[in-house]
1. Looking only at segment B:41-56, count every residue that is more than 11 Å from chain A (Cβ to nearest Cβ) and under 22 Å from A:A92 (Cβ atoms) and tell me the total.
2. Taking strands (runs of 3 or more DSSP E) that fall entirely within segment B:1-109, which contain at least 3 residues that are surrounded by 15 or more Cβ atoms within 10 Å (Cβ to Cβ) and under 14 Å from the mean Cα position of the chain (by Cα)?
3. Kindly check whether there is at least one residue in segment A:46-60 that is under 21 Å from B:F39 (Cα atoms), among the polar types (S, T, N, Q) and either touching a residue at least 12 places away in the same chain (Cβ under 8 Å) or in contact with a His (Cβ under 9 Å, 6 or more places away or on another chain) (or both).
4. Test A:A81 against the stated conditions and say whether it is facing chain B (nearest Cβ under 8 Å), touching a residue at least 40 places away in the same chain (Cβ under 8 Å) and either in a loop (DSSP other than H, G, I, E, B) or surrounded by 16 or more Cβ atoms within 10 Å (Cβ to Cβ) (or both).
5. Taking the stated definitions as given, is A:Q105 at the interface with chain B (Cβ under 8 Å from one of its Cβ atoms), touching a strand residue (DSSP E or B) at 6+ places or on another chain (Cβ under 9 Å) and either surrounded by fewer than 16 Cβ atoms within 10 Å (Cβ to Cβ) or farther than 29 Å from B:I8 by Cα (or both)?
6. Quick check on A:S75: is it more than 13 Å from every other protein chain (Cβ to nearest Cβ), of a type outside the set (A, V, I, L, M, F, W, C) and in contact with a Cys (Cβ under 8 Å, 6 or more places away or on another chain)?
7. Quick check on my filter: what residues within segment A:37-56 are more than 12 Å from the chain's Cα centre (by Cα) and either away from every other protein chain (no Cβ under 11 Å) or closer than 17 Å to B:F102 by Cβ (or both)?
8. Check A:V12, A:V66 and return the single one that is over 11 Å from the mean Cα position of the chain (by Cα) and assigned to a strand (DSSP E or B).
Amino acid sequence: NAGVTQTPKFQVLKTGQSMTLQCAQDMNHNSMYWYRQDPGMGLRLIYYSASEGTTDKGEVPNGYNVSRLNKREFSLRLESAAPSQTSVYFCASSEQLAGGPSYEQYFGPGTRLTVT
Amino acid sequence: LAKTTQPISMDSYEGQEVNITCSHNNIATNDYITWYQQFPSQGPRFIIQGYKTKVTNEVASLFIPADRKSSTLSLPRVSLSDTAVYYCLVGDGMDSSYKLIFGSGTRLLVRP
């Protein structure tokens, strides 16, 4: 199993450009998440999808949109990139266990985005 | 979601036991405590999760006192490869999405 994969690994955008970050997981997980991590900081949740067909805002959703394309794939779109969106973006997935809550999320390798 | 407070950094030496304490005074009845590890340029990795008392796995132990207002992650006999940032998180057990709110974490440096 590849786990959680993200593309691209690196990207440089000019202010105002748009792009879509792709994420896929092969663990048959129901829930998927997008985070951003600024230098020296913890991760902040942008959007999440508790299950296929649903998406919800996290802490910092402004400037982003998401699509849960199917159970495997969860994409993050920047419609008009701004320098403040320069960050490392991580996608994650998790399974909901029948025996109780699980906070074990599996993270992808990240996409390093620079907006100039 | 309850806020957590943990030391910004800690130093240790190879072979020592490291205990990282996290404060979560406003933890709610349904909240679980989770710890993650993050190496530079990688995504975080789940270490351990607990609700009360003590939880142990092959990597670490998690000690939670009866009032649950704090927790301690214990790493036995650390090695240089344990140098990383460690995050303490408190999550809502009633939220089906099991969202995580990360703080700034504790930077652990293990010296030879």
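1. So the count comes out to 1.
2. In segment B:1-109, B:18-23, B:31-38, B:45-50, B:61-64, B:70-75, B:84-92 are the strands (runs of 3 or more DSSP E) which contain 3 or more residues that are surrounded by 15 or more Cβ atoms within 10 Å (Cβ to Cβ) and under 14 Å from the mean Cα position of the chain (by Cα).
3. no
4. Values: facing chain B (nearest Cβ under 8 Å): no; touching a residue at least 40 places away in the same chain (Cβ under 8 Å): yes; either in a loop (DSSP other than H, G, I, E, B) or surrounded by 16 or more Cβ atoms within 10 Å (Cβ to Cβ) (or both): yes.
In short, no.
5. Answer is no for this residue.
6. Answer is yes for this residue.
7. A:D38, A:P39, A:G40, A:M41, A:G42, A:E52, A:G53 - these are the residues of segment A:37-56 that are more than 12 Å from the chain's Cα centre (by Cα) and either away from every other protein chain (no Cβ under 11 Å) or closer than 17 Å to B:F102 by Cβ (or both).
8. A:V12
Throughout, read-outs are computed from the coordinates displayed, never taken from laboratory work. Quick caveat, the model's predicted, so the values are computed rather than measured. FYI the Cβ positions are ideal-geometry reconstructions off the backbone, even for glycines, and counts take in every protein chain you see.
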